[in-house]
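The values are calculated or read from the model by the stated rules, or taken from the named source; none is laboratory data. Worth saying up front: this structure is predicted, and the values here are computed from it rather than measured. Heads up, the Cβs are rebuilt from the backbone with ideal geometry, glycines too, and the neighbour counts pull from every protein chain shown. Ligands, DNA and RNA are stripped out before the accessible areas are found, and what is left, the full protein with its side chains, is counted by its heavy atoms. Shrake-Rupley method; radii C 1.70, N 1.55, O 1.52, S 1.80 Å.
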Amino acid sequence: MDYRRVFEDAIARIKAEGRYRIFADLQRQVGRFPRALHHRPDGVREVTIWCSNDYLGMGQHPAVLAAAREALESYGAGAGGTRNISGTTHLHVLLEQELARLHRKEAALLFTSGYVANEAAISTIARLLPDCVIFSDELNHASMIAGVRSSRCEKKIFRHNDLEHLERLLAEQPRERAKLIVFESVYSMDGDFGPIEAVCDLAEKYNAMTYLDEVHAVGMYGEHGAGVAEQWGLMERVDVIQGTLAKAYGCQGGYIAGAEAVVDAVRSYASGFIFTTSLTPATVGAALASVRLLAGPEGRELRARHQERAATLKRRLAAEGLPVMPSETHIVPVLVGDPVRCKQASDMLLDEFNIYIQPINFPTVPRGTERLRITPTPWHDDATMDQLVEALVRVWQRLEIPRAA
């Protein structure tokens, strides 16, 4: 067996399909977001980032940085172990209490990432429910899919946001059988909302439990930034809410919030929580400051500005005939439809216009729907937007990318 050749062939297949991923070597600059320095073989150039999930620029907020520094100086660099073995600091406790209050739940639990939170929580909850069957939206994130698979429970995949299909699948099961519906509030590649109220209605009708992923919505929607469920007045109807600290909050980590018994059961049974070193104090301190800031007046101002920027960009791109995919949210996907040209468009924007937008190819999105996923922030001003629109028009012309979405 030529072991090395196996891996070389695997990489060659990805390259042949035009979806080999190359990381941009970026150096973000505090105080200049969304500008960054791009380290290249031929030197260093300043670029504008248009695809960051640090949606509100909280990763550079002075109060967030100050909280991180204070925690570092007070608690040290590392957490000291897992949460069970000296890895629980007072900051961890405070942040979990803050997140529980934010989502109006009895308890919350921190994880090292949103991916780990989903994989660990979904698999543990489903395994603990006797003879559980999981109902999962077909466009759920890879971390949710991993959680469903790890549970080893029976699963039913319903068509994206198709409530009739979901109800048919639910109706096939005995009412007394344990059921878990897992779905998202904001689907980050297409930019559409999940039908939270309707899913909760079906859950009540068929005696199911609900698990809502709000990672692209926490900090972004609702009066206090608790997500779409808060904005629509539905938080109390969702059994478990999962979120991240790594996007709008500008830090790192994931969490779940729900009934104390559910959260405690995940804490006590989930391997992904039990055997993982906890988040560093600096990260937790920064996240705590960010959550508190976005729950207040400054957060409401940032969210309003952010929505305006996203709506303005969609309108301007559509006016130029660029294929902006329908999006109800802050996500601005622009269809390319071919992995090779998607990569070429991204490279051209970076090399010739100093604009960084990572190409989104399979398996993140279905084949034939390759796209540039643009995420404007409150800090992308009109002049910066002018540069982007002009650059995209020129790239589309030179690569002869279809204009129709």
For region 57-215, taking Cα atoms only, what is the radius of gyration to one decimal and the Dmax to the nearest whole Å? 18.4, 57
Over 29 Å between alpha carbons, listed pairs K105/K314; K156/K343; K247/K314; K105/K247: K105/K314; K156/K343
Beta bridges per DSSP with both ends in the chain, % antiparallel, nearest 5: 60 percent
Ignoring everything except DSSP H segments at least 4 long, calculate the 222 nm mean residue ellipticity for the chain; use -39,500 (n - 2.57) per segment, divide by total residues, nearest 500. -13500 deg cm²/dmol
Percentage of interatomic Cα-Cα distances in region 294-353 larger than 20 Å: 45 percent
Here Rg/Rh (Cα, Kirkwood) for region 246-405 equals 1.07
Classify region 174-303: rounded, prolate or oblate, from the alpha-carbon gyration tensor (a ≥ b ≥ c, eigenvalue square roots; a/c under 1.5 rounded; otherwise prolate if a/b is larger than b/c)? oblate
Hey, with R₀ at 25 Å, roughly what FRET efficiency would H39 and I11 work out to, going by the Cβ-Cβ distance, to 0.05? 0.60
HN-Hα J in Hz across region 9-20 - Karplus 6.51, -1.76, 1.60, θ = phi - 60°, x for Gly and Pro: 5, 4, 5, 4, 5, 5, 5, 5, 7, x, 10, 6
Each label point is 7 Å from the Cα along the Cα-to-Cβ direction; what then is the distance between the points at T82 and D25, in nm? 3.8 nm
By average Cβ neighbour count within 10 Å, what is the ranking of 287-294, 132-139 from highest down? 287-294, 132-139
GNM on the chain, Cα springs under 10 Å; top mean-square fluctuation among A311, A16, A226 goes to A16
Cα convex hull of region 111-171: how many Å³ per residue? 71 Å³
Within region 84-211, percent of DSSP bridges classed antiparallel, to nearest 5: 15 percent
Compute a Gaussian network model of the chain, connecting alpha carbons closer than 10 Å, and tell me which residue from I11, I122, I355 fluctuates the most. I11
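With viscosity set to 1.567 mPa s and temperature to 4 °C, compute the Stokes-Einstein D of region 1-123, Rh being the Kirkwood radius across alpha carbon pairs; µm²/s, no decimals.
Numbers: Rh = 19.1 Å.
Estimated via Stokes-Einstein, D reaches 68 µm²/s.
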Listed residues T280, T89 arranged by accessible area, highest first, probe 1.4 Å: T280, T89
Aspartates and glutamates whose Cα lies under 16 Å from that of K15, excluding same-chain neighbours fewer than 8 positions away: D338, D347, E370
As a test of reading the structure, rank W50, W379 by solvent-accessible area (1.4 Å probe, protein chains only), most first. W379, W50
Multiplying the sequence separation of V389 and A171 by 0.36 nm and subtracting their Cα-Cα distance, what value in nm do you get? 73.7 nm
Just R19, R45, R127 to compare: in a GNM of the chain, with alpha carbon springs under 10 Å, which one fluctuates most? R45
